[in-house]
1. Using beta carbons and a limit of 7 Å, which pairs, at least six apart or on different chains, have the first residue in the stretch 64-80 and within 22 Å of Q123 (Cβ to Cβ) and the second one assigned to a loop (DSSP other than H, G, I, E, B) and at pLDDT below 95?
2. Say we look at the stretch 113-149 and pick out the residues that are in contact (Cβ under 8 Å) with a residue 40 or more places away in the chain and in contact with an Asp or Glu (Cβ under 8 Å, 6 or more places away or on another chain); which of these is surrounded by the fewest Cβ atoms within 10 Å (Cβ to Cβ)?
3. Look at the stretch 170-199 and say how many of its residues are in contact with a helix residue (DSSP H, G or I) (Cβ under 8 Å, 6 or more places away or on another chain), open to solvent by less than 50 Å² (accessible area, probe 1.4 Å) and within 24 Å of E237 (Cα to Cα).
4. How many of the residues in the stretch 206-241 are surrounded by 14 or more Cβ atoms within 10 Å (Cβ to Cβ) and part of a helix (DSSP H, G or I)?
5. With respect to L92, determine if the residue is among the aliphatic types (A, V, I, L, M) and more than 16 Å from ligand 3 (Cβ to nearest atom).
6. Would you mind listing the helices (runs of 4 or more DSSP H) fully within the stretch 42-138 where at least 1 residues are in contact with a strand residue (DSSP E or B) (Cβ under 8 Å, 6 or more places away or on another chain) and farther than 18 Å from H26 by Cα?
7. Contact list please: Cβ distance under 6 Å, first residue in the stretch 199-213 and among the charged types (D, E, K, R), second residue away from ligand 2 (no atom under 16 Å from the Cβ) and open to solvent by less than 100 Å² (accessible area, probe 1.4 Å), pairs at least six apart or on different chains.
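The values are calculated or read from the model by the stated rules, or taken from the named source; none is laboratory data. Here the structure is a predicted model, which means the values were calculated and not measured. Please note: Cβ atoms are built from the backbone with ideal geometry, for glycine as well, and neighbour counts cover all protein chains shown. SASA here: full protein model, heavy atoms, side chains in, ligands and nucleic acids out. Shrake-Rupley method; radii C 1.70, N 1.55, O 1.52, S 1.80 Å.
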Amino acid sequence: HARQTGRNTLDYFSEESARRAQEKWHLERQMTEALAAHDFQLHYQPIFDLDSNRCIAAEALLRWPSTQLAPDQFIPVAEETGLIHPMGNWILSTAVRQWAQWHDEGRELTYLSVNISVLQLQQPGFIDQAISLTKQYHLPPGRLVLEITESILLQTSPNVLSQINRLRQAGYRLAIDDFGTGFSSLNYLKQLPIDYLKVDRSFVEGIIENNQDSAIYRAIVDMAMAMDIEIVAEGVETPQQMLWLKQQGVTFAQGYFYTQALPPEKFTLYLNAQSEAR
Ligand code: C2E
Ligand code: MG
Ligand code: MG
Ligand code: MG
């Protein structure tokens, strides 16, 4: 009935916002159909341990091949319309099943990383579903990293905090994604039982050429170390950046320097090539 209210007030919208509402409605319908038609896919981006220079984890990233749309363009609409719930359930169960398949084939990944929306956290039953899913596929909860975008730091509802604590009690690991782009209250970080900070890729860009950027990055690393939080560097594109991060004591890195996100079959080949190179 939210849609109906939307329609009734359309008359009062400017043409521009009417057009945008229409686009959103169209996108919502397309996404609903795509979900039913199994039109979405998950790709997996390798995450490297900088010490051993080995791929030890995979981040699941949503793809919609029949459109040219990037997740940043349609996930916000899924969040606005509530579609994020069935979509998020599909994402989590698909990723966990994929992990189990790799595990059965003898390809051990220490971590599986899945992005979740803060709205999923707020949905009653989400945590119980996650627990039964990981049990069903024998994925030890300590191997599942749930990535939550830093913007939740703006929504410190007691509910979110208690859900995060419940996830932690269930043994899952938590990462703050896109760290540094939102409103980073250090005080907030102190309250959250966080395992990883994924420093936003915009901070990596300048670490080699720009003294200010490298100073900022170092400050984040120092703070994380003092708080016993590990850093995952996002957006690593060059060998110089990789080496610089390693020298700073950063634990994990991902980015185009290694590879972009790969469809499951290609990810498997990537892992095979790594074990052969050993
Ligand atoms: P994110 O979780 O921070 O994911 C990292 C994004 O950076 C991905 O974009 C990835 O393809 C891209 N990337 C990785 N390495 C590099 C690099 O070296 N250079 C550059 N320039 N980019 C790099 P993608 O896949 O378009 O996803 C964008 C965002 O959409 C994600 O940011 C995440 O917030 C959201 N997202 C993606 N998949 C899901 C999902 O399954 N569920 C939810 N809730 N959100 C998702
Ligand atoms: Mg992420
Ligand atoms: Mg990110
Ligand atoms: Mg993000």
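1. What qualifies is E79/S117.
2. L119
3. Summing the residues that are in contact with a helix residue (DSSP H, G or I) (Cβ under 8 Å, 6 or more places away or on another chain), open to solvent by less than 50 Å² (accessible area, probe 1.4 Å) and within 24 Å of E237 (Cα to Cα) in the stretch 170-199 gives 8.
4. Counting residues in the stretch 206-241 that are surrounded by 14 or more Cβ atoms within 10 Å (Cβ to Cβ) and part of a helix (DSSP H, G or I) gives 11.
5. It is true that L92 is among the aliphatic types (A, V, I, L, M) and more than 16 Å from ligand 3 (Cβ to nearest atom).
6. 84-104, 118-122, 126-136
7. From residues that are among the charged types (D, E, K, R), the pairs are D213/G206; D213/I207.
Conditions tested, residue by residue: (1) at pLDDT 85 or above; (2) part of a loop (DSSP other than H, G, I, E, B); (3) on the phi > 0 side of the Ramachandran plot; (4) away from ligand 3 (no atom under 16 Å from the Cβ).
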| position | (1), (2), (3), (4) |
| --- | --- |
| E147 | yes, no, no, no |
| Q163 | yes, no, no, yes |
| R166 | yes, no, no, yes |
| I176 | yes, no, no, no |
| T181 | no, yes, no, no |
